[in-house]
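Engineer: A single structure is presented below for examination.
The values are calculated or read from the model by the stated rules, or taken from the named source; none is laboratory data. None of the values given here were measured: they were computed from a predicted structure. Counting neighbours? That spans all protein chains shown, and the Cβs are built from the backbone with ideal geometry, glycine included.
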Amino acid sequence: MHLGMRHQLLRRRGKIPPPNRPWHFIFSIDVVAYAVSFSGLIFTMDQARIIWFEHEARGVSLVTWLFYVVSSAVWFTYGYIHKDNVIFITNMFWIAINAVIVIGIVLYGGQT
């Protein structure tokens with residue numbers, strides 16, 4: 001779905017009211033939100049790189065990353081149930097990267 005079209009679709013479905021701001025302002029916020037969401041994945045991949053390629057998991061909390069997996073799974077389910085592809089697809093990637101980190105912590109000995 002094209003950035004900015006998401007709100008138009010939700011408005012047509014009656015899920016959100018018409019905007020009281022100019023469309024270009026809303027579109028700009030959409031672009032920033034999507035960019036931050038997906039760039040977060042890229043920055044998190046560096047943690048996976050350190051664990052898997054340098055075999056260094058000291059100081060990385062297994063409990064925290066397990067929570068991130070569970071949290072992403074909840075949002076993934078939410079996106080699926082509400083047919084919100086942005087939430088669904090983004091959290092599919094978050095589950096994968098967080099699970100890779102959890103597995104690396106277990107294998108290379110992070111803190112609990």
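Engineer: Does any residue of region 69-85 turn out to be part of a helix (DSSP H, G or I), exposed (fewer than 15 other Cβ atoms within 10 Å of the Cβ), in contact (Cβ under 8 Å) with a residue 60 or more places away in the chain and not acidic (Asp, Glu)?
Structural biologist: yes
Engineer: Further, regarding this structure: Tally time: how many residues in region 51-63 are assigned to a helix (DSSP H, G or I) and buried (at least 16 other Cβ atoms within 10 Å of the Cβ)?
Structural biologist: Number satisfying all stated conditions: 3.
Engineer: Taking region 31-50 on its own, how many of its residues are among the β-branched types (Val, Ile, Thr) and either closer than 15 Å to VAL102 by Cα or surrounded by 14 or more Cβ atoms within 10 Å (Cβ to Cβ) (or both)?
Structural biologist: Within region 31-50, residues that are among the β-branched types (Val, Ile, Thr) and either closer than 15 Å to VAL102 by Cα or surrounded by 14 or more Cβ atoms within 10 Å (Cβ to Cβ) (or both) number 2.
Engineer: Of the numbered conditions (1) modelled with pLDDT under 90; (2) closer than 30 Å to ARG11 by Cα; (3) touching a helix residue (DSSP H, G or I) at 6+ places or on another chain (Cβ under 7 Å), VAL31 satisfies every one except a single condition; which is it?
Structural biologist: Condition not satisfied by VAL31: (3).
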